[in-house]
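Chemist: Dropping a structure here in structure tokens format, bear with me for questions.
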Amino acid sequence: MTLIKLQIRHCVEEANVGEDMKVIDPTQVRHVTVFAGKIDSMSGLVDPASHLNLDFQDHRVTTCIIAEKFEKGARVKMDDSGMIFATVDRSAYKHYGTVDYTKRLADMIRVVNKDAIIAESKKKKKGLPE
């Protein structure tokens, strides 16, 4: 069995990129994985407090790959060298204060687990296999 490693990237829709290749609205960025030049999976919009925060440098969004649209299977922009990137202008970053990343991660895991339990419960009620 061959494992394929997919890298998570920041992504922006083509309509949100100016002619200067700058992201127009950096709050409209998502995390995606790309396989065979298309979006394979996608998250919700990024949180400005962690991605556009001058006080939290660990995960600041600076460049984004460009997709036709935010939809699974949408093509990402490529040229002969690979994926094409748009940049986030420095003026997009603000001071949001410190971020407790560990707490945020724990909260996210708790929500994901809760959603999984709810989905499993719905399957059981419908008599679907686990």
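Throughout, read-outs are computed from the coordinates displayed, never taken from laboratory work. For clarity, every value in this text was computed on a predicted model and none was experimentally measured. Virtual Cβ from ideal backbone geometry, glycine too; neighbours counted across all protein chains shown.
Chemist: Local charge sum around Ile109 (other residues, Cβ-Cβ under 15 Å, Lys/Arg +1, Asp/Glu -1)?
Modeler: It works out to a net charge of +1.
Chemist: May I pose another question? Arrange Met83, Met78 by Cβ neighbour counts within 10 Å, fewest through most, would you?
Modeler: Ordered by Cβ neighbours within 10 Å, fewest first: Met78, Met83.
Chemist: By average Cβ neighbour count within 10 Å, what is the ranking of 4-14, 62-72, 101-111, 35-45 from highest down?
Modeler: 62-72, 4-14, 35-45, 101-111
Chemist: Quick check for me: using +1 on Lys/Arg Cβ and -1 on Asp/Glu Cβ, what's the dipole size of the chain about its Cα centre, in debye to the nearest 20?
Modeler: Dipole size: approximately 780 debye.
Chemist: If the cut-off is a Cα-Cα distance under 18 Å, which lysines reach Lys77, setting aside same-chain residues fewer than 8 apart in sequence?
Modeler: Output for Lys77: Lys22, Lys38, Lys69.
Chemist: Between 0 and 90 degrees, rounded to the nearest ten: what's the tilt of helix 101-126 against the longest Cα principal axis of the chain?
Modeler: 40
Chemist: Another question, then. Once log10 I(q)/I(0) by the Debye sum over Cα atoms at q = 0.10, 0.11, 0.14, 0.20 Å⁻¹ is worked out from the coordinates, which option in (i) -0.42, -0.50, -0.76, -1.15; (ii) -0.26, -0.32, -0.53, -1.20; (iii) -0.42, -0.51, -0.82, -1.43 does it equal?
Modeler: Among (i) -0.42, -0.50, -0.76, -1.15; (ii) -0.26, -0.32, -0.53, -1.20; (iii) -0.42, -0.51, -0.82, -1.43, the one calculated here is (i).
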